[in-house]
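Heads up: the structure comes next, in structure tokens.
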Amino acid sequence: MSLSLVHSRALLGLEARPVCVEVHLANGLPSFTLVGLADTEVKEARERVRSAIQNAGLEFPGNKRITVNLAPADLPKDSGRFDLPIALGILAASGQIDARKLAGYEFAGELSLGGDLRPVRGSLAMSLAIARPPHGAPQPLPRLVLPEGSAQEAALVPQAEVYRAQHLLDVVRQFLPGDAVPEASDGWTRAASSAPSRQPAYPDLADVKGQAAARRALEIAAAGGHSILMVGAPGSGKSMLAQRFAGLLPAMTTDEALETAAVASLGGRFTLDHWAVRPTCAPHHTASAVALVGGGSPPRPGEISLAHRGVLFLDELPEFPRAALEALREPLESGHITISRAAQRAEFPARFQLIAAMNPCPCGYLGSSLRACRCSPEGIARYQGKLSGPLLDRIDLHVEVGSLTADELVNAPPGEFTEAVRSRVVKARDRAMDRQGSANQALEGQAIDVQCQLDPAAARFLNVAATRLGWSGRGIHRCLKVARTIADLASAKTVQVTHVAEAVQYRRVLKAAH
């Protein structure tokens, strides 16, 4: 047989689209041609495949004209994931393995020159695409063959049937001509789901002494899915608070854990130790807009997508490039990011909780009771002016983190433990989910009017506060959602004056903003 078909998948964003590897052997001048919008890494597969087949003791048809087409031709292909399917296609076209047995399988893996299989990124996305096919897809689902390290990730998807292989020969033995069914060996086994059953470990909030206002704001943010900006002097505890925020969030569902792991797998960051652990991404303030939102060719996820279902902590917020901060405005609202390029368009999830921290002024001690500020009013205004009004308007909670004296820091008792705070957060989230099917932060349009019902006194109070403070419509809606979360924490059915009053306190602007 001179023509063979092998199935694989290419990554475009979080999608793993089907790719058919067509291999044709013909008489003529010996050559090895690879077509189908292949990136440089894919084109280099010619040399890896040739060497791997020969060093595995198999016959490479070097006297033939070899043509490999990666279909569809308009879908970009990258990385070394197509090494294994190309090698199997050549072996099937030359009759060394049975091409009919390849039906019902999908393959991905990079080959070493000696024939060993190396892991590829995005294996979890491939497994999800197979286990959750589009409506009307044929059954049964295809089986996935991957290198050992990648198969361990892919097997986390409960519905997927995944096999792991260590060497090209381990795969070839399963598809030799004849009726005999090969037995499992050390190099070829069914990959079983091995998700850790232990509870994720997070730093405990009890480590933070004092800071009652900031701890309360974190509890509200966790209960409603809100973003928060902490303003305080250096060393006041902003970073400690942010690092402990993920422990306040409810445990991840299986679907959430799979989504988070799939994005991390695309970025090459996933390990089994991180399964069901809410990510906390803390990029340096020199990070570019592309590093934050994603990009490149092919598009890769940025920090906001790697923080999906977790926390994005931006310390020294005004020091980030203006373009990078402004790029956060859309995903803060929508929960996803679309990266468009001339030849392709990729979409990544980005439903993260933003925890931002900053100093109130360049020297950091504006309003501090411990040290005097040495900044000029113009310098303070210029520093705070690095944050645009539209961005600040999208951050639900603004809270000041005061500095503790030496006596308070040494003698203050430990704070409330994370477990106690999380129990209140979970109850408040459950109330919101039972009432509207989503966290309060996700409410939009008419749902805000329906779910955030104010009693008459609370409505009058909010109207006066919004008029005096000059809030935008977005600011009013965000205050309403925060007030609804405070009411949920208090087990109140309606939003009352006390809830609105507390929410208003969290909408204060920076001291030198006006």
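All of the numbers you see were taken from the coordinates with simple rules; none came from a lab. As the structure is a prediction and not an experimental result, all values here were calculated from the model. Heads up, the Cβs are rebuilt from the backbone with ideal geometry, glycines too, and the neighbour counts pull from every protein chain shown.
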Long-range amide H partners of L397 with built H, under 5 Å: S227, I228, L229
Gain on full stretching of the segment that runs from E330 to S31 - 0.36 nm per residue minus C-alpha separation: 102.7 nm
Proxy reagent accessibility, fewest Cβ within 10 Å first, across S150, S388: S388, S150
Rounded to whole Hz, the Karplus (6.51, -1.76, 1.60) HN-Hα couplings of segment 445-455, x for glycine and proline: x, 5, 4, 5, 5, 6, 8, 9, 6, 9, 6
Added length on full extension, which subtracts the Cα-Cα distance from 0.36 nm per residue, Q344 to C20: 114.7 nm
Residue among I228, L392, G247 farthest towards the positive dipole end of the chain, charges placed on Cβ: L392
Partners for K101 among lysines (Cα-Cα distance below 28 Å; same-chain residues under 8 apart left out): K43, K64, K77
Spacing of the two label points (7 Å from each Cα toward its C-beta) at D204 and E44, in nm: 4.9 nm
Alpha carbon centroid spacing (whole Å) that separates segment 279-300 from segment 68-89: 28 Å
Amide H partners (placed H, <5 Å) of A165, local residues excluded: L146, E148
Length gained when the stretch V426-R508 is fully extended (0.36 nm per residue, less Cα-Cα span): 26.8 nm
Hz values of 3J(HN,Hα) by residue in segment 157-167 - Karplus curve (6.51, -1.76, 1.60), Gly and Pro given as x: 6, x, 7, 7, 10, 10, 10, 10, 9, 9, 9
Rounded tilt (10° steps) of 418-436 against the dominant C-alpha axis of the chain: 80 degrees
Cα-based radius of gyration of the chain once divided by 2.2 N^0.38 Å, which approximates compact folds: 1.18
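Please grab the % of Cα pairs in segment 212-371 that end up more than 25 Å from each other.
The share of Cα pairs beyond 25 Å in segment 212-371 comes to 32 percent.
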0 to 90° range, to nearest 10: angle between helix 473-489 axis and the chain longest Cα axis: 90 degrees
At 1.567 mPa s and 4 °C, Stokes diffusion of segment 3-191 via Kirkwood alpha-carbon radius, µm² per second: 79 µm²/s
Two-decimal ratio, segment 205-505, of alpha-carbon radius of gyration to 2.2 N^0.38 Å: 1.01
Separation of alpha-carbon centers, segment 253-268 and segment 425-471, rounded to whole Å: 31 Å
Dipole-positive endmost among L443, Y105, V426 within the chain (Cβ charges, Cα centre): L443
Rounded to 5, percent antiparallel among DSSP beta bridges of the chain: 50 percent
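Taking the number of other C-beta atoms within 10 Å as the exposure measure, put H274, H398, H308 in order starting with the fewest.
H274, H398, H308
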C-alpha long axis of helix 212-224 to longest principal axis of the chain, angle in °: 50 degrees
At most 14 other Cβ within 10 Å, DSSP loop - trypsin sites (Lys or Arg not before Pro), segment 419-493: K493
Sequence of M358, M252, M433 once ranked by neighbouring C-beta atoms within 10 Å, starting from the fewest: M433, M252, M358
For segment 106-111, Karplus couplings with θ = phi - 60° (6.51, -1.76, 1.60), whole Hz, Gly/Pro x: 10, 10, 7, x, 8, 9
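Given R₀ = 35 Å, what would the calculated FRET efficiency be for S438 paired with V290, taking r from the Cβ atoms and rounding to 0.05?
Approximately 0.70, to the nearest 0.05.
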Most positive-pole-ward Cα, A261, H284, S150, against dipole of the chain from beta carbon charges: H284
Where labels lie 7 Å past Cα in the beta-carbon direction, separation of R269 and R374 in nm: 3.7 nm
Amide H contacts of A350 (H built 1.01 Å from N, under 5 Å, at least 5 apart or other chain): H336, I337
Count of Lys pairs (Cα-Cα under 27 Å; at least 8 positions apart or interchain) in segment 205-505: 9
Segment 3-191 - percent relative contact order, Cα under 8 Å, separation 6 or more: 22 percent
